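Since the structure comes first, as structure tokens, the remarks are kept for the end.
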Amino acid sequence: MTSAPSAVLEDGHRELVEAFESFIRREVVPLAAELPETGDLPPADLRAYVRKRSAALGFYAGDYPEELGGSGMPFSAVVLLHHAAGRSGCVLAPYALAGSDGPSPLLRHGTPEQVERYLLPLVRGEALRCLALTEPQAGSDAFRLTTTARRDGDDWVISGHKTFVSNADRADFALVVTATDQGAGTTGGATAFVLPMDQPGLRIGQRYEGMSGEPLFELLLDRVRVSADAVIGGEEGVGAAMALAVDSLSRGRLIVAAMCDGIAEYALRLGVEYAKEREAFGMRIGGYQHVQELLVSSRAEVEAAKLLTLACARLVDAGTEAPENAALAKLTSSQTAVRVVDRALQVHGATGWVRGHPLEFLYRYVRMMTIIEGTSEVQKVIVARAMGLG
């Protein structure tokens, strides 16, 4: 099935995507073929190898400047790479590109020392990080923070409880977002700190197992004392985390949208291939109108979602990072992926439902895409406000 809207891809981007797809086919797919069909995460050492190899080839964190170890790609090119990783159907492909464990736009605002110590190793694929933002009593309302950082002389003392933290078990350091207690009973805005995972007072709490096998963790902070140079951005970063996080959230949402577009395209391909092969009542099931309706509707939705995501990424390259654009793309692509995977599984019937089939895994995996980086309901609120509603 050919469905890539090649007319909207610049030649340079097309060559880049083809080079990335060649790397996935040549080096990553053979590694994934040796993994057991358990649905578990690939081993950590294998993920690390793919990450570092991709960084050496210039794909991982490709939108970061060359002086930081990136390739200086436009953001739209990075979005196309994430799309390609999703549509490859290879479980290791997403680890070839920076995600929630890679470089964070928050660290773009770091001091020169923070960039040298934390950001450069992330861009090179040599280190991992986690983001500790969500708290037990505040999910979608992420900045309703009870974790606090209090000034104590020249230091800060951080206490609180974070939950649903990805990568905490293998991260080298954490980005921790807190409310800021300036002393004398005054509380400022949110402040982001960068903390090594072996920082005294910081420990991993409960582990949660997600539907798709991705573990999440609690982070417990018990009077963690850090110096002022742990504040991302230095003194100017005190109370500024919410503003600094806007581009981080928007770009993260567009990357999720691109992954969803790729996953939906892969699921659609599986559905079309099966419909051409499977016979029932004397004919291939692709000849039945109900099956055609499932697949054609999916094709239309996938193409629309792909184009919306790419258009929003191009606006980022042009200097427009409006939160409602990323919200629209993430809302559309994540919900489209859920529907398309569901339809493809319906076309397969019991074959797609059996453990070990790609669609069985995707059915569990893609559901979280409507939750991470802000739920669908949060995206609707962002868009409604941009429309002057509410």
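The values are calculated or read from the model by the stated rules, or taken from the named source; none is laboratory data. These figures come from a predicted structure and were not determined experimentally. Here the Cβ positions follow ideal geometry from the backbone for every residue, glycine too, while neighbour counts run over all protein chains shown. Each accessible area value is taken on the protein alone, full model and side chains, heavy atoms only, with ligands, DNA and RNA left out. Shrake-Rupley method; radii C 1.70, N 1.55, O 1.52, S 1.80 Å.
A few notes on this one:
- Gain upon complete extension [residue 311, residue 206; 0.36 nm per residue less C-alpha separation]: 33.8 nm
- Residues with amide H under 5 Å from that of residue 127, placed H, sequence gap 5 or more: 122
- Of every Cα-Cα pair in region 101-167, the percent that sits beyond 17 Å: 57
- In a fully extended conformation the segment linking residue 19 and residue 144 would gain 40.7 nm over its present Cα-Cα distance, using 0.36 nm per residue.
- Protection proxy ranking of 330-340, 258-268, 88-98, 376-386, by the mean of other Cβ atoms within 10 Å over each peptide's residues and highest first, is 258-268, 330-340, 88-98, 376-386.
- Surface share of carbon and sulfur [accessible, 1.4 angstrom probe, percent] for the chain: 54
- The lysine pair count for the chain, using Cα distances under 30 Å and pairs eight or more places apart or on different chains, is 9.
- Cα coordinate range in region 158-237, projected on the principal axes (Å, largest first): 44, 23, 20
- The chain: relative contact order in percent, alpha carbon pairs under 8 Å with at least 6 residues between: 15
- Nearest-ten-degree value, helix 75-88 long axis tilted from longest Cα axis of the chain: 50
- The angle between the Cα long axis of helix 323-348 and the longest principal axis of the Cα atoms of the chain comes to about 40 degrees, rounded to the nearest 10.
- Relative packing of 101-113, 71-83, which averages over residues the other C-beta atoms within 10 Å, highest first: 71-83, 101-113
- Percent of Cα pairs exceeding the 42 Å cut-off, where the set is the chain: 13
- Under 5 Å, built H, 5+ apart or other chain: amide partners of residue 60: 55
- In this rough spin-label picture, where each label sits 7 Å from Cα along the Cβ direction, the residue 278-residue 364 distance is 2.1 nm.
- Relative to the longest principal axis of the Cα atoms of the chain, helix 376-386 runs at roughly 70 degrees.
- Fully extended contour minus Cα-Cα distance, from residue 320 to residue 290, at 0.36 nm per residue: 6.6 nm
- Working note: 222 nm ellipticity from helices only, DSSP H runs with n ≥ 4, each -39,500 (n - 2.57), summed and divided by the residues of the chain, gives -14000 deg cm²/dmol to the nearest 500.
- Calculated from backbone phi, Karplus (6.51, -1.76, 1.60) coupling profile of region 215-225 in Hz, x at Gly/Pro: x, 10, 9, 8, 10, 10, 10, 10, 6, 6, 9
- In this structure, the amide hydrogen of residue 163, modeled 1.01 Å from its nitrogen in the peptide plane, lies closer than 5 angstrom to those of 134, 135, 219, counting only residues at least 5 positions away or on a different chain.
- Residues in region 336-356 reached by a label modelled at residue 297 [backbone nitrogen below 15 Å; 7 Å Cα→Cβ]: 336-348
- The alpha carbon centroids of region 206-226 and region 130-169 are separated by 11 Å.
- Most to least packed among 322-329, 152-159 [average Cβ atoms within 10 Å]: 322-329, 152-159
- Backbone HN-Hα couplings from phi across region 274-284 [Karplus 6.51/-1.76/1.60, Hz, Gly and Pro as x]: 5, 5, 7, 9, 6, 10, 8, 6, x, 8, 5
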